Amino acid sequence: MSYIIVLLPWLFPFIIAATLPIVKRISEGFFEDEYGRYLVTSGYAVTGGLISGLSSLLLAIDSFNGRFDFLNGEKIPFDYILAEWIPIDGYRVTFGVLLDNLSLFMANIVALIGTLILIYSVEYMRGDKGYLRYWMLMNIFIGSMQVLVLGDSLLAMFFGWEGVGFASYGLIGYYYTDEKEYWIGPYPPTHAGMKAFIMTRIGDVGLLVATIIIFLTSGTMNFLDLASQPGWAAALYSDGILAITLLLALLGPIGKSAQFPLHEWLPEAMAGPTPVSALIHAATMVKAGVYFLGRFTGVLYEVYWKLYEGGLNIWGEISNFYWAVALIGAFTALLAASQGMVSDQIKKVLAYSTVSQLGYMFAAFGMAGLLIEHPEAFVDAYISGIYHLSSHAIFKALLFLSAGVLGHAVHSYLFRDMGGLRRYMPYTYTVMMVGALALAGVPPFNGFWSKDAILHAAYVEGFTAIYILLAVSAIMTAFYTFRMMGLAFHGEESDNVEHLKHEGHPPHDPGILMKFPLGILAVATVISGFLLPSLGGYFKALFKVFGVTPEELLNVKILKFPDFLVGTVMSPLFIVAMALVVLGVAPSYLIYIAGRYDAEKIVSTPLKPLWLFLYNRWYINKVYYAIFVDGTYSLARSIFRFLEETGGGEGFKEIYVSLSQAARRLQTGYLRVNMSYMVMALVVLTLIYMMVI
Amino acid sequence: MALVAIGLYMVSTKRNLMKIVIGIEILATGVNLSFISMAYIRTAGFTDALAHAIVVTAIVLDGVLVGVALALTLVVFRKFNTLDVDKLRSLRW
């Protein structure tokens, strides 16, 4: 097998995107009806994700024994350098594909879930006028995401980083005609796309600045070089700016993964088509920040141990950075989960939930970094973060796709237009319930195992504050999950559902193309929960590679399959975890499913201010708008008034008129005068040249 | 270099547009010649053919340049009925 398989995962979707308009045009010659053309175009587009997924799956399977048999037996990590920028002394910029356990694992999540979502979209986007734009952007997204994941340097990663940002912007604002039915909250889709773009850009500037600082210090951007030559960290440490540089770099993941304080773009990003929300704003793109943390934690781990062996302990600065990561993550988990409890739109509940679960992953990686001195605990926390990343990608994609089915069925995402749908959509109800149980953390679904792994790490290693924040978020998660299920599927039928029945279009289960991905994801949600032990074994190689392999790491016990299950269920933390779930589910069940208490009545009691506080998203969004949006507007207005209305612009006019009158004398219109200018310039330049030499 | 000087002198002083075009050509030829003459230095035992390659390209470009310049001259004559550059003074303030 040739090296082309290294190119396929990320290059192929771009090729598909570039040739898609041609294929659509050709299909117009063969098919009279719009449906045939649509099927050809979308089928062609799906192959982009499919080939990308199959090739990365092949590479991952090939990597199980630690080397790539397809690639002439290259060892992990394998950096396949495609191109090198002009080399300057001491600075080296490469573009390449980095294949190691982490990147291959993430590439598989992206491409395989992406393929399922593309298959789902074939039915979802049927009859939409702008489908060419949709399919092109989806393929550009998958390609860029693979560049981000497989890129071997900070620069290559940044290319992918901006590519997914662009695709996300284009797809959030997909319904650019801004009809009222696509609005999320008070904002139209184009506004939401712009908001997402601008907010993530704030973080990207920080990431870029940190990249440049690291590049100027180390002379390389390659992850493997950064890890194996830790001189840059020592230099930054002696200047006392290591923690600041890392925190600047953290701004990028904060923006991309929608963490506090840049989390406000994600709820509005739900204005795009639902498969977009599932793929970009739940399963993959928002995981880019978490992936970056995982990648960079690996680098820092090796750097730390190398410097430690050389007699320099940079723990002080690194711990500052990781405390910030862990606390931001834990706080965001709580913040977003509390907002999810009162939202009135199903997609917004899922968006808040995504932000909250990403907070769990940040907390896991933050704790991993804080445990960098204890390799065994470090590996545990690190793997719990990756594990939650993968299980969240699966069950959240499932939940979003189910929400898309609901939206198709009742033509709305508002809870007040749903209710009692269980009878009409039994299949959707079943699969969505599987996703909801996983999100709420009920065993044996994957969400339970991964969330419990994070909570376990937090408790065992004594991060009490983080443990409490995450545990409270877990209660809220269980509550809003079942509130969502209750409002959508149980209770009384809303007027909208009655209306649809009268029209002769009662809500119904979707067709086979939508059922198939939902079914696969539901099965994956159930079985992937049991994969943690094998995952630990897979990632152990990563730390052998990254690390200097201190003695303890070689002795890390990777729990065997039955031991792990028994160990989790028998530990006292299991009872606590169950209590958290029950605490959340019980009130939600009584209010929304059994209907014992009236939600309106509870909210109209003294809880009203709290409800308003949560419903208005802790007023963070309002404050941002008041400062940045309105502030910019008023600044622009005052400048306009100064220049145009009060005559402040007259001064500028005078300056330019006098400048022009002085300069125009040179323009005589005689050709020979212009030529003499040229000769004079030639003489002067020659003289300067001679003097310099 | 003498050819360059002659060319510059022609472009600067002549009033007839045709003569200016001829001056530009002499200028370009002078540049080409000085390129070739400076490429006589042998490096590593043989003459580097890079200068010759560039000059061959430049000669081709000169041909194109003459075509465009003559076409412009023709248009100028049709429109203004003169080739005297001192009368073509609309490019002034």
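The values are calculated or read from the model by the stated rules, or taken from the named source; none is laboratory data. If you're wondering where the values come from, they're calculated on a predicted model, not measured in any experiment. Backbone-built Cβ (ideal geometry, glycine too); neighbour counts: all protein chains shown.
May I ask you to list the residues in segment B:6-18 that are in contact (Cβ under 8 Å) with a residue 24 or more places away in the chain, among the aliphatic types (A, V, I, L, M) and at the interface with chain A (Cβ under 10 Å from one of its Cβ atoms)? Correct list: B:17 only. Only residues that are hydroxyl-bearing (Ser, Thr, Tyr) and loosely packed, with under 10 Cβ neighbours inside 10 Å were counted across segment A:678-693, and they come to 1. With respect to the conditions (1) more than 28 Å from the chain's Cα centre (by Cα); (2) buried (at least 17 other Cβ atoms within 10 Å of the Cβ); (3) among the acidic types (Asp, Glu), residue A:33 lacks only one, and its number is (2). On the basis of being aliphatic (A, V, I, L, M), surrounded by fewer than 24 Cβ atoms within 10 Å (Cβ to Cβ) and not assigned by TED's automatic domain parsing to the domain that holds residue A:293, does residue A:112 make the cut? Here the answer is yes, as residue A:112 does meet what is asked.
Reported count of residues in segment A:488-518, each being on the phi < 0 side of the Ramachandran plot and either surrounded by 23 or more Cβ atoms within 10 Å (Cβ to Cβ) or not in a helix (DSSP H, G or I) (or both), is 17.
Taking segment A:70-82 as the search range and keeping residues that are more than 19 Å from residue A:153 (Cβ to Cβ) and in contact (Cβ under 8 Å) with a residue 12 or more places away in the chain, which one is surrounded by the most Cβ atoms within 10 Å (Cβ to Cβ)? Write out each step before concluding.
From segment A:70-82, those more than 19 Å from residue A:153 (Cβ to Cβ) are A:70-73, A:75; that's our starting set.
Filter once more, keeping what is in contact (Cβ under 8 Å) with a residue 12 or more places away in the chain: A:70-71.
On the way: A:70: 17, A:71: 19.
Within segment A:70-82, the match that is surrounded by the most Cβ atoms within 10 Å (Cβ to Cβ) is A:71.
Output the residues belonging to segment A:406-429 that are in a helix (DSSP H, G or I) and over 27 Å from residue A:333 (Cα atoms). Answer for segment A:406-429, where residues must be in a helix (DSSP H, G or I) and over 27 Å from residue A:333 (Cα atoms): A:408, A:409, A:410, A:417, A:421, A:422, A:423, A:426, A:427, A:428. Scanning segment A:166-193 for residues that are touching an Asp or Glu at 6+ places or on another chain (Cβ under 7 Å) and surrounded by fewer than 23 Cβ atoms within 10 Å (Cβ to Cβ) yields A:184, A:185, A:187, A:188, A:190. Only helices (runs of 4 or more DSSP H) wholly contained in segment A:585-693 count here; list those with 3 or more residues that are within 14 Å of chain B (Cβ to nearest Cβ) and free of Cβ contacts under 8 Å to residues at least 40 places away in the same chain. The qualifying helices (runs of 4 or more DSSP H) are A:649-663, A:671-692.
Condition check ((1) on the phi > 0 side of the Ramachandran plot; (2) within 23 Å of the chain's Cα centre (by Cα)) across all residues:
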{"residue": "A:10", "(1), (2)": "no, yes"}
{"residue": "A:29", "(1), (2)": "no, no"}
{"residue": "A:52", "(1), (2)": "no, yes"}
{"residue": "A:62", "(1), (2)": "no, no"}
{"residue": "A:66", "(1), (2)": "yes, no"}
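When B:82, B:47 are checked against the criterion of being without any contact (Cβ under 8 Å) to a residue 40 or more places away in the chain, within 14 Å of chain A (Cβ to nearest Cβ) and among the hydroxyl-bearing types (Ser, Thr, Tyr), a single residue qualifies: B:82.
Name the residues in segment B:19-32 that are at the interface with chain A (Cβ under 10 Å from one of its Cβ atoms) and touching a residue at least 40 places away in the same chain (Cβ under 8 Å), would you?
Scanning segment B:19-32 gives a single hit, B:20.
Looking only at residues of segment B:50-75 that are at pLDDT 90 or above and either in contact with a helix residue (DSSP H, G or I) (Cβ under 6 Å, 6 or more places away or on another chain) or within 14 Å of chain A (Cβ to nearest Cβ) (or both), we find that the one that is surrounded by the fewest Cβ atoms within 10 Å (Cβ to Cβ) is B:72. Checked against (1) in contact with a helix residue (DSSP H, G or I) (Cβ under 7 Å, 6 or more places away or on another chain); (2) at pLDDT 65 or above; (3) surrounded by fewer than 17 Cβ atoms within 10 Å (Cβ to Cβ), residue A:543 meets all criteria but (3). Residues in segment B:1-24 that are in a helix (DSSP H, G or I), crowded, with 17+ Cβ neighbours inside 10 Å and not aliphatic (A, V, I, L, M): B:7, B:12, B:23.
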